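Enquirer: Dropping the structure in here first, questions after.
FYI, it's all coordinate maths here, none of it is from the lab. Predicted model only: the values in this text are computed from it and were never measured. Cβ: placed from backbone, ideal geometry, glycine included. Neighbour counts: every protein chain shown.
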Amino acid sequence: MKITTKFWMGIVVLILLSPLGLILPAHFKAGSAWGEWSADEIQKLTGYVPQGFAKLAGLWNAPMPDYAFRGWEEKGLSYLSFAYILSAILGIFIIVAIAYLIGKLLASKGD
Amino acid sequence: MHIPDGYLGPPTSGLFYVIMVPVWAAASKFVKKTLKASQVPLLAIGAAFSFVIMMFNVPIPGGSTGHAVGGVLVAILLGPWAACIAITVALVVQALLFGDGGITAIGANCFNMAFVLPFAGYYVYKAISHNAPVDSNRRVLAAGIAGYIGINVAALFAGVEFGVQPLLHHTANGQALYCPYGLNIAISAMSGEYLLIFGWIEAIVTALVVKYLQKQAPNMIQEKGRA
């Protein structure tokens with residue numbers, strides 16, 4: 001088997017295991033990464049929401065915020081795990097397409 | 001380590017875009033010279049790997065979370081310039097599609113994770129593995145140390161970028177306008193977490209894959225000119 005085939009299989013395994021990145025933090029009651037708090041969390045930590053932060057934080061409405069569907073924030077872990085896997089698949093499709101495009105544009109012909 | 005919108009003041013966000021544009025241009029130039037058509041799938045795999053490994057948030061019980069970036073491994077296999085491009089693609093998709101990392105902070109996040117991390121890791125690996133046989137343990141150790149140092153240098157930069165904000169931007173009564181924590185807290189938090197926990201994950205991932213490739217695809221880790 002070619003090594004690239006093995007790598008792709010590894011990526012598929014990682015996609016299927018990815019919900020661990022959601023479930024383990026929930027299980028161990030870990031919060032946001034340092035410096036990635038929401039306005040509410042900053043308010044709790046420091047007692048105020050920085051004014052510039054308040055203006056910029058909502059600048060971009062990502063189509064699938066936090067690797068989930070909009071409005072799924074209150075759903076259980078099994079729903080969120082499902083959305084997490086779909087996000088991984090969708091993200092990888094787009095990334096692979098872009099990387100191939102860039103690679104084809106840059107790579108020298110021949111081998 | 002994905003800095004969201006609102007944590008960096010516009011001058012800092014702008015500065016890192018200004019720094020990254022020539023870096024991306026240089027990366028395209030170097031990769032154009034050295035990337036072979038047969039390596040294009042590896043570039044895509046590298047980007048996909050970095051993207052998915054970043055989804056594995058590792059908890060500090062009762063505390064925060066963090067993750068590996070996988071970027072040092074990509075740099076070892078494809079060279080730091082190609083790694084820069086692969087990780088940039090992953091970070092841009094994370095910001096635009098999933099809101100992971102701010103769009104104003106794409107320059108800063110790419111500087112930390114797509115530039116500092118692969119380059120620091122790559123040169124540490126090169127230095128330690130120099131002249132080591134392809135199947136030697138020194139190569140595995142070099143990969144682990146490179147992963148650990150690469151991600152920790154990146155985390156230190158992120159800590160500084162967070163930490164200078166209250167110095168640069170605050171109200172008359174001393175409230176911060178952007179990131180509320182100064183250099184002391186930001187650097188100890190970021191570096192503390194990565195030195196103690198998350199750095200080891202990057203180290204283990206990098207070392208294990210290099211170990212695997214020594215048997216499965218030794219030609220991939222042979223010393224040669226790379227992109």
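Enquirer: Per residue of B:21-33, count partner chain C-beta atoms within 10 Å of its C-beta, then hand back the mean as an integer. Let's see the in-between values first.
Expert: On the way: counts 0, 0, 0, 0, 0, 0, 2, 3, 1, 1, 5, 4, 2.
Average per residue, whole number: 1.
Enquirer: In whole angstrom, and with the biggest value first, how far do the Cα coordinates of chain A range along each principal axis?
Expert: 61, 32, 24
Enquirer: Give the angle, between 0 and 90 degrees and rounded to the nearest 10, that separates the Cα long axis of helix B:80-98 from the longest principal axis of the Cα atoms of chain B.
Expert: Once rounded, one gets 50 degrees.
Enquirer: I would also like to ask the following. Tilt of helix B:199-216 relative to the longest C-alpha principal axis of chain B, in degrees (0 to 90, nearest 10)?
Expert: The angle comes out near 20 degrees.
Enquirer: Ok, one more. Could you tell me how many degrees, from 0 to 90 and to the nearest 10, lie between the Cα long axis of helix B:137-163 and the main elongation axis, the longest principal axis, of the Cα atoms of chain B?
Expert: Relative to chain B, helix B:137-163 is tipped by roughly 20 degrees.
Enquirer: Measuring from centroid to centroid over Cα atoms, what is the spacing of region A:1-39 and region B:152-227 in Å?
Expert: 18 Å
Enquirer: Turning to a different aspect of this structure: Other chains' Cβ within 10 Å of A:82-93 residues: what's the mean?
Expert: Partner-chain Cβ atoms within 10 Å, mean over residues of A:82-93: 3.
Enquirer: Which of A:Ser32, A:Ile94, A:Ser78 sits farthest toward the positive end of the charge dipole of region A:3-106, with +1 on the Cβ of Lys and Arg and -1 on the Cβ of Asp and Glu?
Expert: The residue sitting most towards the positive pole is A:Ile94.
Enquirer: Let me ask something else. Considering only B:Gly102, B:Thr34, B:Asn184, whose Cα is most displaced toward the positive end of the charge dipole of chain B, charges sitting on Cβ of Lys, Arg (+1) and Asp, Glu (-1)?
Expert: Of the options given, the answer is B:Thr34.
Enquirer: I need the phi-derived Karplus couplings for region B:27-41: 6.51 cos²θ - 1.76 cosθ + 1.60, θ = phi - 60°, integer Hz, Gly and Pro marked x.
Expert: 4, 4, 5, 5, 5, 4, 5, 10, 6, 8, 4, 5, 8, 4, x
Enquirer: Let me ask something additional. Using modelled backbone amide H atoms (1.01 Å from N, in-plane), which distant-in-sequence or interchain residues come within less than 5 Å of B:Val58's amide H?
Expert: Here the answer is B:Gly66, B:His67, since their amide H atoms fall under 5 Å of that of B:Val58.
Enquirer: To the nearest 20 debye, what is the magnitude of the charge dipole of region A:8-111 about its Cα centre, counting +1 on the Cβ of each Lys and Arg and -1 on the Cβ of each Asp and Glu? Kindly include the intermediate steps, with their values, before the conclusion.
Expert: Values: 7 positive and 7 negative charges, 39 e Å.
Charge dipole of region A:8-111: 180 debye, to the nearest 20.
Enquirer: Further question on the same structure: For chain A, which DSSP H helices look membrane-span-like by this rule: Cα extent along the axis of 15 Å or more and mean Kyte-Doolittle of at least -0.5? Don't skip to the answer; put the middle values down first.
Expert: Working: long enough: A:3-17 (21 Å, 2.09); A:77-106 (42 Å, 2.14).
The answer, listed by residue number, is A:3-17, A:77-106.
Enquirer: About the Cα centre of chain B, how large is the charge dipole given +1 on each Lys and Arg Cβ and -1 on each Asp and Glu Cβ? Please answer in debye to the nearest 20.
Expert: On the way: 11 positive and 7 negative charges, 193 e Å.
Here chain B has a charge dipole of around 920 debye.
Enquirer: On to the next question. If you take the Cα Rg of chain B and divide it by 2.2 N^0.38 Å, with N the number of residues, what do you get? Write down the numbers at each step before the final one.
Expert: Details: Rg = 17.7 Å, N = 227, 2.2 N^0.38 = 17.3 Å.
Scaled against compact globular proteins, the figure is 1.02.
Enquirer: With the calculation restricted to Cα positions, what are the radius of gyration and Dmax of the protein assembly as shown in angstrom?
Expert: For the protein assembly as shown, the Cα radius of gyration and maximum Cα-Cα distance read 19.5, 65 Å.
Enquirer: Also: Fewest to most neighbouring Cβ within 10 Å: what's the order for A:Phe7, B:Phe198? Could the numbers behind the result be given before it?
Expert: Values: A:Phe7 22, B:Phe198 26.
Neighbour counts put them in this order, fewest first: A:Phe7, B:Phe198.
Enquirer: Next question. What number, in percent, do you get for the relative contact order of chain B if the mean sequence gap of Cα pairs under 8 Å and at least 6 apart is divided by its residue count?
Expert: On the way: 376 pairs, mean separation 58.0, N = 227.
Here the relative contact order equals 26 percent.
Enquirer: While we're looking at this one, here's another question. Work out from phi, with θ = phi - 60° and the Karplus expression 6.51 cos²θ - 1.76 cosθ + 1.60, the ³J(HN,Hα) of each residue of region B:50-58, listed in order in whole Hz, and give x for Gly and Pro.
Expert: Running phi through 6.51 cos²θ - 1.76 cosθ + 1.60 with θ = phi - 60° gives 4, 4, 6, 5, 6, 7, 7, 5, 9 Hz.
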